[in-house]
Amino acid sequence: MINELQFTENSKVGKIEANSSYAAEFKNGTANKLSVGTEIFTVKERNDVLMVKADGEVKFYYLLAEG
């Protein structure tokens, strides 16, 4: 699991600005599970993983590009 790996915070790339459950409403800064205000960071070890700090926890997500 990705959350069992060790990563180091790098630079802040944004934060969650809105919540939605509808795909048509998604834009940069929108999430369906993370709270508004959650900060998003890159990690030093990999360029395909993002780190978020939410509700006192640190979580990691694989970066997926759609298009």
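None of the figures in this text is laboratory data; all of them are computed from the coordinates on show. For clarity, every value in this text was computed on a predicted model and none was experimentally measured. Here the Cβ positions follow ideal geometry from the backbone for every residue, glycine too, while neighbour counts run over all protein chains shown.
Determine the shape class of the chain: with a ≥ b ≥ c the square roots of the Cα gyration tensor eigenvalues, call it rounded for a/c under 1.5, and otherwise prolate if a/b is greater than b/c, oblate otherwise. Prolate shape, in that a/c is at least 1.5 and a/b is the bigger ratio.
Measuring nothing but how far apart in sequence close Cα pairs (under 8 Å, 6+ apart) lie, relative to its length, the chain scores a relative contact order of 30 percent. Annotation: peptides 46-52, 7-13, ranked by per-residue average of other Cβ atoms within 10 Å with the highest first, follow the order 46-52, 7-13.
Taking every DSSP beta bridge that has both residues in the chain, what percent is antiparallel when rounded to the nearest 5? Around 90 percent antiparallel, to the nearest 5.
Evaluated with a Cβ-only charge set (Lys, Arg +1; Asp, Glu -1), the chain carries a dipole of roughly 120 debye about its Cα centre, given to the nearest 20.
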